[in-house]
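Here is the structure we will look at.
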Amino acid sequence: MIITEMLASAIRMGIPILLASLGAIYSERSGVVNIGLEGMMMTGAFWGALGAYFYGPFMGVILALIAGLLMALIHSIATVTFRVDHIVSGVALNILAYGSCRFLSIAIFKMATTSPHVERFRPVDIPVLKDITLLKPLVSGISPLIILAFLLVPLTCFILENTVFGLRLRSVGENPWAADSLGIKVLYMKYCGVLLSGLLAGLAGAYLAIEHTGMYVEGMTQGKGYIALAAMIVGNWSPIGALAAALIFGLAESLSFRVVEGGAIPYQFIKMIPYILTIVVLSGFVSKSTPPASVGIPYDRDSG
Amino acid sequence: MKKNLKYKILEGISPIAAMFLAAALSSIIILAIKKNPVEVYFTMFTFSFRRMDSIAVILFNATPLIFSGLAVALSFRVGLFNIGVEGQYLIGAFMAALAGFAVKGLPWFIHFPMVVLAAACGGGLWALLPIVLKIKRGVHEVITTIMMNYISFSLIHFFIADIFMDKQQKMLMGLGSPIIRMPKIQPSALIPGMHSFLSIFGINLPKHVYLNWFFPLAILLAFGIFYLLWFTPFGYELRVVGHNRTAAKASGINPQKVYIKGFLLSGAIAGLIGLSDLLGYFGYMDLDFPKGYGFTGIAVALIGKNNPLGVIPAALLFGFLNRGAEGIQTFIGVPMDTVVILQGLMILSIVIISEVMVRYIRNLEKKEARLS
């Protein structure tokens with residue numbers, strides 16, 4: 001029972017990391033580094049809370065998706081069309097997200113750092129499985145967004161491995177010049193990759209604001225966008241790997257809450273755990289993983 | 001020679017063009033809250049430059065940003081991204097605050113340099129792990145430095161609130177809640193304002209302006225880094241590694257050593273960012289110690305084209321923006337955070353316009369080569 005409860009809590013904590021991480025996979029497989037995930041998630045959280053506050057959770061998700069998409073559009077225009085350094089663009093995007101969320105929060109909610117409480121989705125049970133006592137904490141009363149996130153894992157696998165779109169996306173990330181010579185529209189595919197990552201990061205933000213805390217809080221992403229990048233690297237740029245890594249990070253976070261209740265260690269140190277874990281995990285695993293060959297290199301048709 | 005000058009001018013105007021583009025884009029946001037952008041920008045200018053003390057505030061605002069811009073620019077020069085400037089300066093400020101209150105009875109000419117050194121060591125220390133992991137394990141420094149930022153926030157919080165909190169303050173609990181802060185720094189470690197110096201020239205600054213000697217120190221450091229980069233062998237190695245790592249290796253430079261030295265130097269400079277505020281304004285470190293200088297430093301470095309001397313006007317620009325933000329909030333009720341949006345847009349427009357400019361110049365060169 002305790003194990004399934006821990007797992008359930010790890011899943012709740014890990015979902016935003018998983019969603020953003022899936023987004024990062026689309027972006028990186030097309031060859032674009034997306035450090036701006038953090039900002040996209042933050043914007044998604046703000047617009048998610050805004051939509052949910054005025055029109056209910058469904059509209060919250062829609063607005064979060066649009067917000068993530070628009071942020072991703074800026075990133076793709078900068079990195080793909082103008083070939084700006086991916087990291088510089090991402091960092092600028094994060095600053096922009098911070099400033100615009102704060103600005104809009106003051107303008108709309110009259111408070112700089114939080115929104116009012118918002119309505120959540122109605123929790124759902126998974127039929128059949130919910131009758132098994134052992135699995136009850138995992139499958140009953142859960143957010144529909146969690147189910148959506150889990151469905152997105154095999155879907156992403158399928159899209160990347162078994163569709164023409166996925167093949168083209170990956171080839172653009174591996175060798176854009178070769179892909180170009182085969183008639184694949186390189187810039188278009190890169191746009192698709194980045195925009196999909198924006199959608200998923202927006203969704204991650206919506207989950208945080210609507211389902212996790214029930215409101216928007218400034219800085220609520222707490223580096224989850226960067227941790228998602230780490231999860232993607234640890235998961236070797238594959239959706240299944242990202243799922244496993246996101247669950248590990250989720251578990252670390254939920255464990256940290258339990259240790260805080262114990263009170264033996266100052267809570268500031270507990271708060272560090274996910275970040276230390278990210279560093280430890282990256283320094284242990286990164287040598288084994290293989291990023292797409294041309295990731296981070298701006299594509300210029302005339303060079304290379 | 002003449003052609004070169006033309007390209008130089010084209011490159012030089014790109015930051016100005018970027019500023020205008022960013023201002024134009026920000027206007028959309030200002031219009032969205034039904035304010036007049038022209039009035040907003042006009043107020044920013046008049047409020048900032050109307051009086052001498054306002055200009056002194058701009059210089060005070062720019063001081064930490066010069067350090068921050070230099071730290072980021074130096075890491076960019078060696079081909080690394082130091083996104084951890086934020087954490088490094090907080091650790092540096094904490095170490096300085098610690099050395100500032102715990103060591104007693106020293107004359108200022110020993111105590112003050114000691115505190116500055118403690119800050120630089122703190123910043124360098126916080127840069128050490130990311131660069132070691134980069135070299136030994138191939139971990140990208142961007143993610144590690146960002147993680148180190150979050151770790152530093154928690155660590156500083158722990159040290160200020162749990163270990164070094166000023167106990168004498170706690171006794172005053174009855175008289176309203178105490179600030180959670182460290183004890184006050186010894187006067188021998190504080191930096192004096194520039195008031196008496198400037199009054200020789202007939203400029204009398206009011207007491208609420210905290211412009212201090214860290215401003216000229218920051219300018220001196222910028223010139224020092226400029227000299228280091230362009231007139232010393234180490235600076236040459238640093239630029240070669242930043243420009244082309246493989247070529248550097250082929251010519252007998254050990255890139256790893258240069259990486260370590262360059263990154264630690266960047267961290268040490270980052271450690272100094274908070275000192276103007278700490279030793280010239282607050283006199284102690286608390287939980288509300290200003291944050292965000294590290295991220296603004298990235299913008300400052302980019303607008304300054306990663307040139308130590310370019311960092312100075314870029315930092316002054318941001319000092320002006322922050323001062324102007326106070327003006328527009330007070331006088332026309334536009335949130336100060338408009339300026340943060342402006343900063344984000346500025347980074348994007350500067351990098352985009354630079355790219356476009358580089359391509360344009362390349363085309364011009366090609367055309368001229370064909371003609372001759």
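The values are calculated or read from the model by the stated rules, or taken from the named source; none is laboratory data. In this text, all values refer to a predicted model and were calculated from it rather than measured experimentally. Cβ coordinates were reconstructed from backbone atoms using ideal geometry, including for glycine residues, and neighbour counts include every protein chain displayed. The protein model used for the area step is the full one, side chains on, heavy atoms only, and it has no ligands, DNA or RNA in it. Shrake-Rupley method; radii C 1.70, N 1.55, O 1.52, S 1.80 Å.
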Next item on the list: Kindly list the number of the only condition in (1) open to solvent by 10 Å² or more (accessible area, probe 1.4 Å); (2) touching a Cys at 6+ places or on another chain (Cβ under 9 Å) that fails for B:Gly92.
Entry: (1)
Notebook entry, point to check: Which residue pairs have Cβ atoms under 9 Å apart, sit 6 or more places apart or on different chains, and have a first residue in the range A:1-21 that is charged (D, E, K, R) and a second that is open to solvent by 10 Å² or more (accessible area, probe 1.4 Å)?
Noted result: A:Glu5/A:Pro137; A:Glu5/A:Leu138; A:Arg12/A:Ile142; A:Arg12/A:Ser143; A:Arg12/A:Ile146; A:Arg12/A:Glu211; A:Arg12/A:His212
Notebook entry, point to check: When the range A:62-81 is examined, which residues are found to be away from chain B (no Cβ under 14 Å) and open to solvent by less than 20 Å² (accessible area, probe 1.4 Å)?
Noted result: A:Ala64, A:Ala67, A:Gly68
Check: Is it the case that B:Ser14 is surrounded by 13 or more Cβ atoms within 10 Å (Cβ to Cβ), without any contact (Cβ under 8 Å) to a residue 60 or more places away in the chain and assigned to a helix (DSSP H, G or I)?
Finding: no
Item checked: Hits in the range B:266-293 - residues which are at pLDDT below 90, under 30 Å from B:Val40 (Cβ atoms) and not charged (D, E, K, R) -> B:Phe289, B:Pro290, B:Gly292
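Mind telling me which of the residues A:Leu167, A:Leu247, A:Leu200 ends up being within 17 Å of the chain's Cα centre (by Cα), surrounded by fewer than 24 Cβ atoms within 10 Å (Cβ to Cβ) and part of a helix (DSSP H, G or I)? Give the derivation first.
On the way: A:Leu167 fails: within 17 Å of the chain's Cα centre (by Cα); A:Leu200 fails: surrounded by fewer than 24 Cβ atoms within 10 Å (Cβ to Cβ).
Among A:Leu167, A:Leu247, A:Leu200, only A:Leu247 is within 17 Å of the chain's Cα centre (by Cα), surrounded by fewer than 24 Cβ atoms within 10 Å (Cβ to Cβ) and part of a helix (DSSP H, G or I).
Is there a residue in the range B:129-143 that is of a type in the set (Asp, Glu) and more than 16 Å from A:Ile279 (Cβ to Cβ)? Reasoning before the result, please.
Of the range B:129-143, the ones of a type in the set (Asp, Glu) are B:141.
In the following step, the residues that additionally are more than 16 Å from A:Ile279 (Cβ to Cβ) were identified as none.
Checked against the condition, which is being of a type in the set (Asp, Glu) and more than 16 Å from A:Ile279 (Cβ to Cβ), the range B:129-143 yields no hits at all.
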Item checked: Single match in B:Ala73, B:Ala97 (criterion: in a helix (DSSP H, G or I), in contact with a Pro (Cβ under 7 Å, 6 or more places away or on another chain) and not basic (Lys, Arg)) -> B:Ala73
Checklist line | In the range B:41-85, the residues that are more than 14 Å from chain A (Cβ to nearest Cβ) and on the phi > 0 side of the Ramachandran plot | finding: none
Notebook entry, point to check: Considering the range B:319-372 alone, what residues qualify as being β-branched (Val, Ile, Thr), open to solvent by 20 Å² or more (accessible area, probe 1.4 Å) and away from chain A (no Cβ under 11 Å)?
Noted result: B:Thr330, B:Ile332
Next item on the list: For A:Gly173, state whether it is more than 14 Å from chain B (Cβ to nearest Cβ) and over 22 Å from the mean Cα position of the chain (by Cα).
Entry: no
Notebook entry, point to check: Which condition number does B:Gly138 fail, the rest of (1) among the small types (Gly, Ala, Ser); (2) closer than 26 Å to A:Gly225 by Cβ; (3) touching a residue at least 60 places away in the same chain (Cβ under 8 Å) being met?
Noted result: (3)
Next item on the list: For the range A:30-45, indicate whether the set of residues that are more than 13 Å from the chain's Cα centre (by Cα), under 14 Å from A:Glu211 (Cα atoms) and open to solvent by 10 Å² or more (accessible area, probe 1.4 Å) is non-empty.
Entry: no
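Would you say A:Ile159 is of a type in the set (Val, Ile, Thr) and touching a residue at least 12 places away in the same chain (Cβ under 8 Å)? Don't jump to the end; show me each part of the working.
Values: of a type in the set (Val, Ile, Thr): yes; touching a residue at least 12 places away in the same chain (Cβ under 8 Å): no.
In short, no.
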Next item on the list: With the condition kept exactly as written, say whether any residue in the range B:151-170 is closer than 19 Å to B:Ser266 by Cα, at the interface with another protein chain (Cβ under 8 Å from one of its Cβ atoms) and modelled with pLDDT under 90.
Entry: no
Notebook entry, point to check: Does any residue in the range A:233-248 that is modelled with pLDDT under 90 and of a type in the set (Gly, Ala, Ser) come within less than 7 Å, Cβ to Cβ, of a residue that is in a helix (DSSP H, G or I) and open to solvent by 40 Å² or more (accessible area, probe 1.4 Å) six or more places away or on a different chain, and which pairs are these?
Noted result: A:Gly235/A:Ala244
Notebook entry, point to check: Is there any pair with a first residue in the range A:82-96 that is at positive phi and at the interface with chain B (Cβ under 7 Å from one of its Cβ atoms) and a second that is part of a helix (DSSP H, G or I) and surrounded by fewer than 24 Cβ atoms within 10 Å (Cβ to Cβ) whose Cβ atoms are under 7 Å apart and which are 6 or more apart or on different chains, and what are they?
Noted result: A:Arg83/B:Glu355
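When residues of the range B:276-304 are filtered for being away from chain A (no Cβ under 14 Å), over 22 Å from B:Ala161 (Cβ atoms) and either out of contact with any strand residue (DSSP E or B) (no Cβ under 8 Å at 6 or more places or on another chain) or buried (at least 24 other Cβ atoms within 10 Å of the Cβ) (or both), how many remain?
Within the range B:276-304, the first condition is being away from chain A (no Cβ under 14 Å), and the residues that meet it are B:276-286, B:289-290.
Next cut, over 22 Å from B:Ala161 (Cβ atoms) only: B:276, B:280.
Restricting the remaining residues to those that are either out of contact with any strand residue (DSSP E or B) (no Cβ under 8 Å at 6 or more places or on another chain) or buried (at least 24 other Cβ atoms within 10 Å of the Cβ) (or both) gives B:276.
Count: 1.
On the phi < 0 side of the Ramachandran plot, surrounded by 21 or more Cβ atoms within 10 Å (Cβ to Cβ) and within 14 Å of chain B (Cβ to nearest Cβ): is that true of A:Ser115 in this structure? Explain how you work it out, then say what you get.
Numbers: on the phi < 0 side of the Ramachandran plot: yes; surrounded by 21 or more Cβ atoms within 10 Å (Cβ to Cβ): yes; within 14 Å of chain B (Cβ to nearest Cβ): no.
Against the criterion (on the phi < 0 side of the Ramachandran plot, surrounded by 21 or more Cβ atoms within 10 Å (Cβ to Cβ) and within 14 Å of chain B (Cβ to nearest Cβ)), A:Ser115 does not qualify.
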Check: Could you count how many residues in the range B:188-217 are over 19 Å from the mean Cα position of the chain (by Cα), open to solvent by less than 40 Å² (accessible area, probe 1.4 Å) and among the polar types (S, T, N, Q)?
Finding: 1
Next item on the list: Tell me which residues, restricted to the range B:218-254, are open to solvent by 70 Å² or more (accessible area, probe 1.4 Å) and part of a helix (DSSP H, G or I).
Entry: B:Leu220, B:Phe223, B:Tyr227, B:Trp230, B:Phe231, B:Pro233, B:Tyr236, B:His243, B:Arg245, B:Thr246, B:Lys249, B:Ala250
Check: Out of (1) surrounded by 15 or more Cβ atoms within 10 Å (Cβ to Cβ); (2) more than 10 Å from every other protein chain (Cβ to nearest Cβ); (3) closer than 14 Å to A:Ala228 by Cα, what's the single condition that is false for A:Leu255?
Finding: (3)
